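Trainee: Submitted below is the structure of interest, expressed as structure tokens.
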Amino acid sequence: MSMNEKALFLTDDDLVARLPNWKRELGLVSARDIVFGNVALLVLDMQNEFLTTDGQMPIWGGRAVIPHIGRLIEEFRRLSFPIFYTQHICVEPYRHQGELAVMQNVGNPACFLAEGSFGVSLIDEVKPASREKIIEKYRYSAFFDTPLETLLRVNNIEDIIVTGVATNICCETTAHDAYFRGFRVFFPIDACGGTDESAHLASAKNIALVYGTVLTTDDILSALHRQAALTENNFEPAGQTNR
């Protein structure tokens, strides 16, 4: 990470160092009893506008979570489980300038998350594979006025893992809407990046209180590995039965 990035973003090393304190503050315990149903991974708004020094709204915790999201993506691809990415697009941003405080803080609102711009593109480190879907959204929640719910339903998804940025904006609102629609929500504290540490932890506390399960990337991977091992051990080749 360059000096400019370190001035704007939490580093992965810092995140790892802070994680034990976060777990204590949130009262997290090992999630050994987690058993996923049909599960999908949501990767929210990992875009240049939020995650590069040239972006107009750098998200403090955004870059530190990239390796953790990458581990989840890798495992979901290995298991052939569905992954959905979102891309936030700002239409007519000047219309929102008086309504949204964020618009008052960006240098050039007319270009903020503009369709086709550098800022709106997903970062190189988190690029969808050819069959993975990018969902364009225009509001904080990935469910609002998008096909996400339909895509989850046709894939018989019961559980969703929410990752990306920002913890206290799009990740939290998406988690709320998922809960309202009857999905089980899993919220990895080290795979969501907040605008600052206090906001990050406040949102995680909110989620843990009434909307879902807050845990770590390692907890999720351990649960997926356990389930995969059980599935393999219970598999019987055709024509072979236990005696």
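Trainee: Residues that are crowded, with 16+ Cβ neighbours inside 10 Å, among the acidic types (Asp, Glu), modelled with pLDDT of 95 or more and within 17 Å of PHE112 (Cβ to Cβ): does the stretch 72-79 have at least one?
Mentor: Taking every residue of the stretch 72-79 in turn, none turns out to be crowded, with 16+ Cβ neighbours inside 10 Å, among the acidic types (Asp, Glu), modelled with pLDDT of 95 or more and within 17 Å of PHE112 (Cβ to Cβ).
Trainee: A further question follows. Can you pull out the residues in the stretch 129-151 that are touching a strand residue (DSSP E or B) at 6+ places or on another chain (Cβ under 6 Å), outside any loop (DSSP other than H, G, I, E, B) and either under 20 Å from GLY212 (Cβ atoms) or open to solvent by less than 10 Å² (accessible area, probe 1.4 Å) (or both)?
Mentor: Passing the criteria: ILE135, LYS137, LEU148.
Trainee: Name every residue in the stretch 182-198 that is charged (D, E, K, R) and not in a helix (DSSP H, G or I), in order of residue number.
Mentor: The answer is ARG184, ASP190, ASP196.
Trainee: Return yes when THR163 is modelled with pLDDT of 95 or more and open to solvent by 10 Å² or more (accessible area, probe 1.4 Å) and no when it is not.
Mentor: no
Trainee: Okay, next question. Would you check if there is a residue in the stretch 152-163 being touching a residue at least 40 places away in the same chain (Cβ under 8 Å) and touching a Cys at 6+ places or on another chain (Cβ under 7 Å)?
Mentor: Checked against the condition, which is being touching a residue at least 40 places away in the same chain (Cβ under 8 Å) and touching a Cys at 6+ places or on another chain (Cβ under 7 Å), the stretch 152-163 yields at least one hit.
Trainee: Kindly check whether there is at least one residue in the stretch 107-119 that is open to solvent by less than 20 Å² (accessible area, probe 1.4 Å), at pLDDT 90 or above and not basic (Lys, Arg).
Mentor: Yes.
Trainee: Now, a different point. Tally time: how many residues in the stretch 51-71 are modelled with pLDDT of 95 or more, open to solvent by 10 Å² or more (accessible area, probe 1.4 Å) and touching a Gly at 6+ places or on another chain (Cβ under 7 Å)?
Mentor: Residues meeting the conditions: 1.
Trainee: Within the stretch 152-181, track down each residue that is within 13 Å of ASN38 (Cα to Cα), more than 9 Å from the chain's Cα centre (by Cα) and not in a helix (DSSP H, G or I).
Mentor: ASN155, ASN156, ILE157, GLU158, ASP159, ILE160, listed by residue number.
Trainee: Now, a different point. Quick check: anything in the stretch 13-29 in contact (Cβ under 8 Å) with a residue 24 or more places away in the chain, assigned to a loop (DSSP other than H, G, I, E, B), surrounded by 17 or more Cβ atoms within 10 Å (Cβ to Cβ) and in contact with a helix residue (DSSP H, G or I) (Cβ under 7 Å, 6 or more places away or on another chain)?
Mentor: Checked the stretch 13-29: no residue is in contact (Cβ under 8 Å) with a residue 24 or more places away in the chain, assigned to a loop (DSSP other than H, G, I, E, B), surrounded by 17 or more Cβ atoms within 10 Å (Cβ to Cβ) and in contact with a helix residue (DSSP H, G or I) (Cβ under 7 Å, 6 or more places away or on another chain).
Trainee: Kindly indicate whether ALA199 is surrounded by 23 or more Cβ atoms within 10 Å (Cβ to Cβ), modelled with pLDDT of 95 or more and under 24 Å from LEU15 (Cβ atoms).
Mentor: Against the criterion (surrounded by 23 or more Cβ atoms within 10 Å (Cβ to Cβ), modelled with pLDDT of 95 or more and under 24 Å from LEU15 (Cβ atoms)), ALA199 does not qualify.
The values are calculated or read from the model by the stated rules, or taken from the named source; none is laboratory data. As the structure is a computational prediction, the values presented were derived from the model and not from experiment. We place every Cβ from the backbone using ideal geometry, glycine too, and count neighbours over all the protein chains shown. Note: areas computed on protein heavy atoms with side chains; ligands, DNA, RNA excluded. Shrake-Rupley method; radii C 1.70, N 1.55, O 1.52, S 1.80 Å.
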